[in-house]
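Peer 1: This structure is in structure tokens; I'll ask about it shortly.
The values are calculated or read from the model by the stated rules, or taken from the named source; none is laboratory data. Note that the structure is a prediction, hence the values are computed from the model and not measured. No Cβ is skipped: glycine too gets one built from the backbone with ideal geometry, and neighbour counts run over all protein chains shown.
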Amino acid sequence: MVKKQKTEEPITFIEEDVQGVQFLHNDAVVVNLNIINYDAHRVLIDNESSVDILFYDAFSKMEMLDDRLGRMDSSFVEFIGDTIPVEGVIMLLVKAGQVPIQSIAQVNFLVIRAPSAYSTILGRSDIFVWTSADMPKIDPSVIMHWLNVSPNHHPFKQKKRSFAPEQQKTIAKEVDKLLQVGFIKEMTYSEWIENVIMMKKINEKW
């Protein structure tokens, strides 16, 4: 048996090493939205953008005149590394989803002339949901969670665990949120089912 020699050479990666590699979890989020009754396609959601941008081509298709554009104090905006003039600013009504599950918000857009594969770029969370209360219902045709349990395996009953007072308070608070919006409902079982799994966030809070 030949023993492998240890090496102190560091393991490094260069730009050529990632060529042809598909990063499956770094895809852009592109949606369709209704902007003042105009169906806007190819709307890019970019949380790193500090402004909401409406490209002039899409603005003109909404049959709006330039005189509706408000004056912008700054004469340019930094966009993809280039300095691009701002045509103006305009507040428009934006709708996401369909009734009865629909979010509506007034969004302040910067209108710019620039070639782009997108009609609009949203850089803020004005019309999207970030809490359970913002999303009281999800159509099962969109997404559904189920337990992939094999019928050939016998269920395993977990031993009931005890939680510290701080954890118990957090569990009760989160369960109450889900009960209020109807995500879960209270059920009565004759015996213990499963433990709650607690994970600390980046800020070290439960």
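Peer 1: Output the qualifying pairs, or none if there are none: Cβ atoms under 9 angstrom, residues six or more apart or on different chains, first residue in region 152-181 and touching a residue at least 12 places away in the same chain (Cβ under 8 Å), second residue basic (Lys, Arg) and assigned to a loop (DSSP other than H, G, I, E, B).
Peer 2: 170/205; 181/137
Peer 1: Looking at (1) under 30 Å from residue 61 (Cα atoms); (2) at pLDDT below 75, which is the one condition that is false for residue 104?
Peer 2: Only one criterion is unmet by residue 104, namely (2).
Peer 1: Let me ask something else about it. Among residues belonging to region 192-203 that are in contact (Cβ under 8 Å) with a residue 12 or more places away in the chain and of a type outside the set (Val, Ile, Thr), point out the one that is surrounded by the most Cβ atoms within 10 Å (Cβ to Cβ).
Peer 2: 198
Peer 1: Can you tell me which condition residue 84 does not meet? The list is (1) touching a Lys or Arg at 6+ places or on another chain (Cβ under 6 Å); (2) over 30 Å from residue 175 (Cα atoms); (3) at pLDDT below 85, and all the others hold.
Peer 2: (1)
Peer 1: Next question, about the same structure. Could you tell me whether residue 116 is surrounded by 11 or more Cβ atoms within 10 Å (Cβ to Cβ), at pLDDT 75 or above, of a type in the set (Ser, Thr, Tyr) and not in a loop (DSSP other than H, G, I, E, B)? Can you show your working first?
Peer 2: Values: surrounded by 11 or more Cβ atoms within 10 Å (Cβ to Cβ): yes; at pLDDT 75 or above: yes; of a type in the set (Ser, Thr, Tyr): yes; not in a loop (DSSP other than H, G, I, E, B): no.
Against the criterion (surrounded by 11 or more Cβ atoms within 10 Å (Cβ to Cβ), at pLDDT 75 or above, of a type in the set (Ser, Thr, Tyr) and not in a loop (DSSP other than H, G, I, E, B)), residue 116 does not qualify.
Peer 1: Among the residues of region 48-62, how many are loosely packed, with under 14 Cβ neighbours inside 10 Å and at pLDDT 85 or above? Before the answer, list the steps.
Peer 2: Within region 48-62, the first condition is being loosely packed, with under 14 Cβ neighbours inside 10 Å, and the residues that meet it are 48, 50, 57, 60-61.
From what is left, the residues that are at pLDDT 85 or above are 57, 60-61.
So the count comes out to 3.
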